[in-house]
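K.L.:
Okay, handing you the structure first.
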Amino acid sequence: MKDLDTVALGMPEAAKEVEEGRPRYLVHGKFFCFHRRPRPDAVDSETGERLDEVLVFRVANLGVKELLLSDARGIYFTTPHWDRYSAVLVRIGDLARLDRDELRDLVEEAWLTRAQKRLAKEWLAARGEAEG
């Protein structure tokens, strides 16, 4: 979570809000990653208990979501609540299975989905990347 905090807050104009101990990372008032409250649609397959340690990351589109969900490591998942949304879920404990570059890419892509176009374009240009 420290790495997530560092990477997310390193994005231009990113902010962090904490509600009931759960961080939410926003840009221009729109979340790009947040710690989800337990819900009945996300339960531990072994215990049946509601998952309390789930992060939501926005993704560019449903194709990107499907690509992440197909990762053989099983880090990314979804629930019926998120079926039609461009977002993936990750258990906090599984963040350790992502290397720092993967986490950075996940956060950057999430931020790009919510940042204002002007800011995103400037950020990409500063990195030598075209908007896409």
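Every number here is computed from the coordinates shown, using simple stated rules; none is lab data. The model shown is predicted, which means the values in this text are computed figures rather than measured ones. Methodologically, a virtual Cβ is constructed for each residue, glycine included, from the backbone with ideal geometry; neighbour enumeration extends over all protein chains shown.
K.L.:
Normalising by the residue count of the chain, find the relative contact order in percent from Cα pairs under 8 Å and 6+ residues apart.
P.N.:
For the chain, the relative contact order is 24 percent.
K.L.:
Treating the angle as unsigned and between 0 and 90°, give the value, to the nearest 10°, between the Cα long axis of helix 100-114 and the longest Cα principal axis of the chain.
P.N.:
70
K.L.:
Mind telling me which of V90, V43, V27 comes out most flexible in a GNM of the chain, alpha-carbon contacts under 10 Å?
P.N.:
Evaluated over the chain, the most mobile residue of the options is V43.
K.L.:
Does anything in the range 1-45 have its amide N under 16 Å from the 7 Å Cα→Cβ label point of L124, and if so which residues?
P.N.:
12
K.L.:
Using the alpha-carbon centroid of each, what span in Å lies between the range 89-132 and the range 12-61?
P.N.:
16
K.L.:
With contacts defined as alpha carbon pairs under 8 Å and 6 or more residues apart, what's the relative contact order of the range 14-81 in percent?
P.N.:
Computed value for the range 14-81: 20 percent relative contact order.
K.L.:
Once you've got the GNM for the chain with C-alpha springs shorter than 10 Å, pick whichever of A72, A42, A120 has the biggest mean-square fluctuation.
P.N.:
Its mean-square fluctuation being the largest, the pick is A72.
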